[in-house]
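Below is one structure, written out as structure tokens; comments come after it.
Computed from the coordinates by the stated procedures, all read-outs in this text should not be read as laboratory data. Fair warning: this is a prediction, and the values are worked out from it, not measured in the lab. Here the Cβ positions follow ideal geometry from the backbone for every residue, glycine too, while neighbour counts run over all protein chains shown.
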Amino acid sequence: MDKVVIFDTTLRDGEQAAGASLTPDEKMEIATQLDKLGVDIIEAGFPLNSREELEAIRQIANEVRRPTICALAHARPEAVDAAWEAVRNAQHPRIHVFLSSSEVHILHQLKKSRDEILQASRDMVARAKGYLDDVEFSPMDATRTEPDYLYQILEAVIDAGATTVNIPDTVGYTIPQEFCNLIDGIFKKVPNIDRAVVSVHCHNDLGLAVANSLATLDHGVRQIECTVNGIGERAGNASLEEIVMAIKTRNDLLKYTTDIDAPQISKTSRLVSDLTGMFVQPNKAIVGANAFRHESGIHQDGVLKERTTYEIMDPESVGLSETAFPLGKLSGRHAFRKRLEELGYDLEDAELHRAFAAFKDLAAKKRNLTDRDIEALVAEELRTVSETYHLEHVQVFCGDPGMPTATVRMTDPEGQILSDAAQGTGPVDAVYKAINRLIDVPNELIEFSVKSVTEGIDAIGEVTIRIESEGRRYAGRGAHTDVIVASARAYMNALNRLLSSKG
Ligand code: KIV
Ligand code: ZN
């Protein structure tokens, strides 16, 4: 069976999703998990964006050794040079050069001639090739490019040394039949196409990114570019988990393999959602909260009698297993550590100590703790590691009638205790105002949502927010059985990200 190369661009195109910015440490955490997931290539970012971005990619290249680490560059010398600087220490480095090729982009955005575009594409691939062997080229907006011109560009960049040519459906415009015809044309009309791997990169504006990607496999494509949870520009990219599980589940028709370790999918999905602040819709295929939930009596009856009556995939195959021995308030440190190991967490002693204390605290309030509770708790503890300001205490007085009043206490970077109180229109407003009195960073709250991690009145509440400051958005997340505390933690998390991005 033919192997399909999984090129993950969660850290580049995924991070381009509105409001999904990640800190360098968060990028590193996701890259480490993508390595465990088994992706072949990690596109770690666009180094010309900022020095911080370049350094984050460089750190990933230094530490994540198995997969290929790729950096994106538009077709300019300084971008290609920055990409090389970012990935040069990787065990397997790749530079991905792109330049628009459609008439609408060339005319209105680039304001160049076709010959100039062709020349720049060829020259920048040759420049990258001067640094390393593994060079990818993408003619941006390929699906709206005049096909003969597209073939010409592909031939030129392969001659210049491109080893992968990627065909992006940049605006999510194509449909499967049309896309396959284009791929057929490429294999027929580009004389040196046998010297390159053909890749696809589909956006989801019409909800067709996964279908378009999968359809091309039978036409010779052997690399698919995708993101975890399908995050990315606008409606996002093809979703990695859907691509992988479609190939696995319908292997009777899709006779391909990937190296993805599918049981790592759920954990990876949660990590990406957690760190980017991008919710996964409940009905999302494979990783949505309802993806394996059966509500109607007839369906439940069927699944209880024979799982395959209404389930085409085993939830365990994507890492959704519930332990037969849930942890509770009598569980000890040893059982807790063991469960964490089973869930794939390898905490240092100090982290384990803090997580265990938080676990005991939670177990005193909630009877049986599920794996989701444990994961939310660990994420919460790890989140506090790189904080500039740390929330120590929050207390609220509210009710009707009454004026909601909050008191907060936190430690600053020097370990000094800061404390203040404020009144607000509601308890969350009062807490945020009290925090603002202590950390004076102008920002606007633009999104606020609460959901429960599991079911039941004693469930952990997870709050996700987005704030905006100087045109940039920062996500924040907090979890606690008390949603006001979770709200305070989410705000502190967003503020700490904002502060760390300003250095
Ligand atoms: O969508 C797109 O065209 C891209 C390219 C940079 C590959 O993301
Ligand atoms: Zn894209």
For the chain, find the longest principal axis of its Cα atoms and tell me its angle to the long axis of helix 483-501, 0 to 90°, nearest 10. 50
Within segment 5-276, percent of DSSP bridges classed antiparallel, to nearest 5: 5
Along the positive direction of the dipole of segment 100-243 (beta-carbon charges: Lys, Arg +1; Asp, Glu -1; about the Cα centre), which of V157, I193, N229 reaches farthest? V157
With each pseudo-label sitting 7 Å past Cα toward Cβ, what's the R51-K36 distance in nm, one decimal? 3.3
What are the residues whose amide H is under 5 Å from the amide H of D169, where those residues sit 5 or more places off or on another chain and H is modelled from the backbone? H201, C202, H203
What distance in nm lies between label points placed 7 Å from Cα along the C-beta direction at D349 and R367? 3.8
Neighbour-count ranking for D194, D123, D261 (other C-beta within 10 angstrom, fewest to most) reads D194, D261, D123
By how many nm would the segment from E392 to D159 lengthen if fully extended, with 0.36 nm per residue of separation less the alpha-carbon distance? 77.8 nm
Computed, not fitted: 222 nm per-residue ellipticity of the chain from DSSP H runs ≥ 4 (each -39500 (n - 2.57)), nearest 500, equal to -12000 deg cm²/dmol
Quick one: go through segment 151-189 and flag any residue whose amide nitrogen is under 18 Å from the point 7 Å out along the Cα-to-Cβ line of L107. 171
Which whole-number percent is the relative contact order of the chain (Cα, under 8 Å, 6+ apart)? 11
Give the angle, between 0 and 90 degrees and rounded to the nearest 10, that separates the Cα long axis of helix 371-383 from the longest principal axis of the Cα atoms of the chain. 90
Between E311 and E63, Cβ-based FRET efficiency (R0 35 Å, step 0.05) works out to 0.35
By average Cβ neighbour count within 10 Å, what is the ranking of 199-205, 22-28 from highest down? 199-205, 22-28
Exposure proxy check on I446, I42: fewest-to-most Cβ neighbours within 10 Å is I446, I42
Under a Cβ-Cβ cut-off of 11 Å, what is the net charge of the residues other than R307 that fall near it, where Lys and Arg count +1 and Asp and Glu count -1? -3
Among S449, S469, what is the fewest-to-most ranking by other Cβ atoms within 10 Å? S449, S469
Answer in debye to the nearest 20: the dipole magnitude of segment 321-382 about its Cα centre, from +1 Lys/Arg and -1 Asp/Glu charges placed on Cβ, is 480
Near K112, which lysines are there with a Cα under 27 Å away, not counting those fewer than 8 places off in the same chain? K129, K189
Under unit Cβ charges (Lys, Arg +1; Asp, Glu -1), what dipole magnitude, rounded to 20 debye, does segment 390-501 have relative to its Cα centre? 220
Kindly express, to the nearest 10 degrees and within the range 0 to 90, the angle between helix 51-63's C-alpha long axis and the longest C-alpha principal axis of the chain. 90
Would you please give the FRET efficiency between S419 and K329, computed as 1/(1 + (r/R0)^6) with r the Cβ-Cβ distance and R0 = 35 Å, to the nearest 0.05? 0.65
D218 to K189: extension gain in nm, 0.36 nm per residue of separation minus the Cα-Cα distance? 8.7 nm
Say the dipole of segment 321-382 comes from +1 at the beta carbon of Lys and Arg and -1 at that of Asp and Glu; which of F336, L377, A364 then lies farthest toward its positive end? A364
If I take every Cα pair under 8 Å that is 6 or more residues apart in segment 390-501, average their sequence separation and divide by the length, what percent do I get for the relative contact order? 17
Distance between modelled label sites at D2 and D205, nm, 7 Å Cα→Cβ extension: 2.8
Long-range amide H partners of V197, meaning residues 5 or more apart or on another chain whose placed amide H is closer than 5 Å, are T164, V165
For M140, residues with placed amide H under 5 Å, excluding near neighbours: L99, S100, S101
Calculate the dipole size of the chain relative to its Cα centre from +1 charges on Lys and Arg beta carbons and -1 charges on Asp and Glu beta carbons; express the result in debye to the nearest 20. 400
With the radius of gyration and the Kirkwood radius both derived from the Cα set of the chain, what is their ratio Rg to Rh? 1.00
Go through K267/K338; K36/K365; K3/K267; K36/K284 and tell me which ones have a Cα-Cα distance over 26 Å in this structure. K36/K365
